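See structure below.
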Amino acid sequence: MSAYSASPVIIDGKGHLLGRLAAIVAKQLLAGQKIIVVRCEEINISGSYMRNKLRYANFLHKRHIVNPKKLGPFHHRAPSRILHRTIRGMLPYRTNRGANALDRLKLYEGCPPPYDFKKKMVVPGALRVLRLKPGRKYCTVKRLSHDFGWGYRDVVDRLEEKRKIKAQAYHERKTAAVKLRQKAVQDQASSYAKLTSLGY
């Protein structure tokens, strides 16, 4: 992700570690890159589920004495908002530069249209299989969010199942069309020499 792209970079969040992904995304946002992260609920957090659950429960106890509804801190339960807060903590979000960087970020649970049929990227420096030692414990943000009150886990799972079925059908149609084209090219290969000799 070192090269700047004028079009937004779409990252598939599945299998990435929360902190590492947030650090890389924050740096790219400050450099002017627009970034979209889909499937935020499948992001991993290193450490056992119970350890992370206790950490989040401890975070829920942090509150402002005077009017906490207005002044915060706000404890978001949705996976996309958890990632948003993590990235925000790595940006100077109270300055114009940091606020503009944060505006270049979009986060989604699941993979909504129009991003379901677009090319998605992974960040090798943040992938759990590459960065976490085999055998170490980890948990998903989806499970943590659900246990602390996020109520859309089943809805997102159902929509993801539908999307995967549609994506599989699209892939099969695409591969069939590619095979037909290759067969047509092979069948007409003998006539290519004749056409080139005539100047086509």
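Annotation: per residue accessible area for the range 19-138 equals 62 Å², rounded to a whole number [probe 1.4 Å, protein chains only]. Here is the size of the chain from its Cα atoms: Rg then Dmax, 22.6, 86 Å. Straight Cα distances below 24 angstrom link residue 118 to the lysines 14, 27, 34, 106, 142, 162, 164, 166, 174, 179, with same-chain residues fewer than 8 positions distant left out. Taking a ≥ b ≥ c as the square roots of the Cα gyration tensor eigenvalues, with a/c under 1.5 meaning rounded and otherwise prolate when a/b beats b/c, else oblate, which class fits the range 99-151? Since a/c reaches 1.5 but b/c is at least a/b, the shape of the range 99-151 is classed as oblate.
Our compactness index for the range 115-200, the C-alpha radius of gyration over the empirical 2.2 N^0.38 Å, is 1.97.
Give the carbon-plus-sulfur fraction of the accessible surface of the chain in %, rounded to a whole number; probe 1.4 Å, heavy atoms of protein chains only.
Values: 7420 of 13380 Å².
C and S atoms contribute 55 percent here.
The 1.4 Å probe gives accessible areas that order 116, 157, largest first, as 157, 116.
Straight-line cross-link reach from residue 119 at under 13 Å between alpha-carbon atoms covers these aspartates and glutamates, not counting any fewer than eight positions away in the same chain: 12. Taking amide H as placed 1.01 Å from N in the peptide plane, the amide H of residue 132 sits under 5 Å from none that are at least 5 places away or on another chain.
Above 13 Å lies some portion of the pair distances; for the range 1-69, what is it as a whole percent of all C-alpha pairs? Walk me through the intermediate numbers first.
Details: 1707 of 2346 pairs.
For the range 1-69, the share of Cα pairs beyond 13 Å comes to 73 percent.
For residue 70, the lysines whose Cα falls under 20 Å of its own Cα, not counting residues fewer than eight places away in the same chain, are 62.
Residue by residue, the range 38-44 carries 3J(HN,Hα) couplings of 10, 6, 5, 5, 8, 5, 9 Hz when phi is fed to the Karplus relation 6.51 cos²θ - 1.76 cosθ + 1.60 (θ = phi - 60°); x denotes Gly or Pro.
Which value, in debye to the nearest 20, describes the size of the charge dipole of the chain about its Cα centre when Lys and Arg Cβ atoms bear +1, Asp and Glu Cβ atoms bear -1, and nothing else is charged?
560
Taking each DSSP H run with n ≥ 4 as -39500 (n - 2.57) and averaging over every residue of the chain yields -15500 deg cm²/dmol at 222 nm.
Beyond 11 Å, what share of the Cα-Cα pairs of the range 161-200 remains, rounded to the nearest whole percent? Numbers along the way, then the final one.
Values: 535 of 780 pairs.
In whole percent, the long-distance tail amounts to 69.
The values are calculated or read from the model by the stated rules, or taken from the named source; none is laboratory data. Here the structure is a predicted model, which is why all the values come from computation and not from measurement. Please note: Cβ atoms are built from the backbone with ideal geometry, for glycine as well, and neighbour counts cover all protein chains shown. The area values use the complete protein model at the heavy-atom level, side chains included, leaving out ligands, DNA and RNA. Shrake-Rupley method; radii C 1.70, N 1.55, O 1.52, S 1.80 Å.
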